[in-house]
Amino acid sequence: MEHPQVVVIGGSSGIGLGIAGRLLADGANVTIAARSADRLAAAERELGAGERLRTIVTDVSQEGQVERLFASTGPVDHIVCTAVDAVGAYQPIRRLDLTSIQKLVNAKLYGALLIAKHGTARGSITYTSGIAAYRPAAGGSVVAAVNGALGSLAAALAIELAPVRVNAISPGWVDTPVWDAIAGDAKAERLAAMAARLPAGRIGSPADIAEAVLALVHNGFITGTVLHVDGGHRLV
């Protein structure tokens, strides 16, 4: 059986790396696209998949780079996007600095549009929304808005790009290296406090999100949907 071809954008670390690894384990040939050549090289070493793994430096917020990415891959079976640049995105609305938040909008929302414009998927496109859209925090209005927009975008593209299936996955709190930057020495304490709140009784892992993405990739009857993988966070 021929290996399915999958592009994972933002797949050099964290959730994206977990998704790429799970897809490889499932038998796919995977192309990882991300901004950092160093992180891509580290991901390639960690995954160790040989010829079944390619890496391409790509800034998804730049249309020319997205166009070159998909010119290189040609038509693929599935596209998964986890790309995000949230540095400086959490700001009180009264002191909002547009330059800082534009990085998030460009990478996560405009990037998603460019993927749909230039990527040719035979099976599915999966975007990454997030719990901030459904349980927003003070100072997180832009993050909430962008994550919510991706759910609406998936629904609209499911109609426009049909029969290609378009969905979004919405992770809750997931233990990834990004928390080292967000919380520093308080990381363990903050994650433990959230775990105690959640009905699932624990924080998520990249493997949890990867399994959910795999379900969306394989199930040919799911489209225009936001799949919540948040340990019940929306309920508390």
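The values are calculated or read from the model by the stated rules, or taken from the named source; none is laboratory data. If you're wondering where the values come from, they're calculated on a predicted model, not measured in any experiment. Every residue, glycine among them, receives a Cβ derived from its backbone with ideal geometry; neighbour counts consider all protein chains shown. Heads up: the accessible areas ignore ligands, DNA and RNA and are worked out on the full protein's heavy atoms, side chains in. Shrake-Rupley method; radii C 1.70, N 1.55, O 1.52, S 1.80 Å.
Results, tabulated for the structure shown:
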read-out: Label-point separation in nm, ALA195 to ILE93, each point 7 Å along Cα→Cβ; value: 3.5 nm
read-out: The chain - accessible surface per residue (Å², probe 1.4 Å); value: 48 Å²
read-out: Of all accessible heavy-atom area on segment 16-122, the percent that carbon and sulfur account for (1.4 Å); value: 48 percent
read-out: Computed [θ] at 222 nm, helices only, for the chain once each DSSP H run of length n ≥ 4 contributes -39500 (n - 2.57); value: -12500 deg cm²/dmol
read-out: Most mobile listed residue (HIS78, HIS218, HIS118) in the chain, GNM with C-alpha springs under 10 Å; value: HIS218
read-out: Helix 63-73 vs. the chain, principal-axis angle (Cα, 0 to 90°, nearest 10); value: 50 degrees
read-out: Of LEU98, LEU216, LEU69, the one that fluctuates the most in a GNM where the chain has Cα springs shorter than 10 Å; value: LEU98
read-out: Degrees, to the nearest 10: 206-218 long Cα axis against longest axis of the chain; value: 40 degrees
